[in-house]
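All of the numbers you see were taken from the coordinates with simple rules; none came from a lab. Only a predicted model underlies this, so the values are computations on that prediction, with no experimental measurement involved. No Cβ is skipped: glycine too gets one built from the backbone with ideal geometry, and neighbour counts run over all protein chains shown.
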Amino acid sequence: MSKKPKGNNTAVVVLLTVLIFVMIALTGLVIWMCVNLVNKTPQTTVRTETQIYTLPTVPRTEPAQTETQPPETTLPEPEHVVATASIGTMGDLLMHKPVFDTCLQSNGTYDFSSIFRYVKDVVSGLDYAIANLETTFGGDDYPYQGNPAFNCPDALIDSVVDTGYDMLLTANNHCSDTTTEGVLRTVKRVREMGLTPLGTQLSDEEPKYAVVDVGSIKVGMAAYTYATSEVNGRPSLNYEPEVAQVVSTISRLFRRSMSTRLVSPTRPRMVTSEPSEM
């Protein structure tokens, strides 16, 4: 038996091995191409036309600024106007000593016009002006001072008249600071200057109220204060021992033919920053 050459078998094996690797490579390439083809998303190109729109131009306007004003209060018109009048009542002419010391002039006299300069136009514009006189005109027999015993130079009354006041309320808790003599002298000085004192009188025979004509309107007025003196150990109202007498005086006002009435009370609560219930 003859032997086949060994070299031929080796060549065949090598050739087969190369073919196998080539086929494996081709198979892998085919598989990769298939996978890639499946996963690849087709790109679609869409052509859109761009249109430009021009919007109308609206001019810019600033928001209107409205001023905040308080609501107007319109009073109803009366059916028939008979007469009109303006009456003003003002608080205390409280004459502490530092106040009238500023009014002392170089010649030793007093001029109180400066303390009324800001209210003169208002007061003089009223048909009838009233102020509370929280001092006395006790004269030179008593020291000019403020609390606790008020006494003011007579020059004050001159400026009061010049400012335009018509009435002074003389009933208050300081009206008798210069004793009964000061009460009477104050009433006299006010009357001498042409003003009406209300709340104190020269005698019990004088009426304890006043009726004044303001623009053809009759106005009845009364003024009261507490603790001007003690009667039977009790504080009195304008020296009246019983409140019933005060009520009687006010009742007389209502029995007279008057258009309106004003009552001015002085209460004991002082130096407070809150209004009272009255």
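Relative to the compact-globule scaling 2.2 N^0.38 Å, provide the ratio for the alpha-carbon radius of gyration of the range 118-189.
My calculation over the Cα atoms of the range 118-189 gives 1.13.
Amide H to amide H, which residues 5 or more places from Tyr110 or on other chains are under 5 Å from it, using H placed in the peptide plane?
Under 5 Å from the amide H of Tyr110 lie the amide H atoms of Gln105, each far enough along the sequence or on another chain.
With a point put 7 Å past each Cα toward its Cβ, work out how far Thr84 is from Asp140 in nm, to one decimal.
Between Thr84 and Asp140, the label points sit 5.0 nm apart.
Under a point spin-label approximation (7 Å from Cα along Cα-to-Cβ), what is the Met193-Val14 distance to one decimal in nm?
If labels sit at Met193 and Val14, their model points lie 14.9 nm apart.
Can you pull the one-decimal nm distance between simple spin-label points at Ala25 and Glu77, each 7 Å off the Cα toward Cβ?
According to this spin-label approximation, the distance is 11.8 nm.
Compare the peptides 184-193, 17-26 by average per-residue count of other Cβ atoms within 10 angstrom and give them in order, highest first.
184-193, 17-26
What residues have an amide H closer than 5 Å to that of Glu134, excluding those fewer than 5 places away on the same chain, when H is modeled at 1.01 Å from N in the peptide plane?
Leu93, Leu94, Met95
Under the 0.36 nm per residue contour assumption, what length would be gained going from the current alpha-carbon distance of Ser203 and Met33 to full extension?
That pair, Ser203 and Met33, stretches by 47.7 nm at full extension.
Between Leu184 and Val119, what length in nm is gained on full extension when 0.36 nm per residue of separation is reduced by their alpha carbon distance?
Values: separation 65, 0.36 × 65 = 23.40 nm, distance 2.86 nm.
Going from the current span to full extension adds 20.5 nm.
Enumerate the amide H contacts of Thr196 below 5 Å, restricted to partners 5 or more residues apart or on another chain; note that Pro and chain-start residues carry no placed amide H.
Met167, Leu168
Relative contact order, percent, of the range 151-217 when contacts are C-alpha pairs under 8 Å separated by at least 6 residues?
Working: 55 pairs, mean separation 21.6, N = 67.
Rounded, it is 32 percent for the range 151-217.
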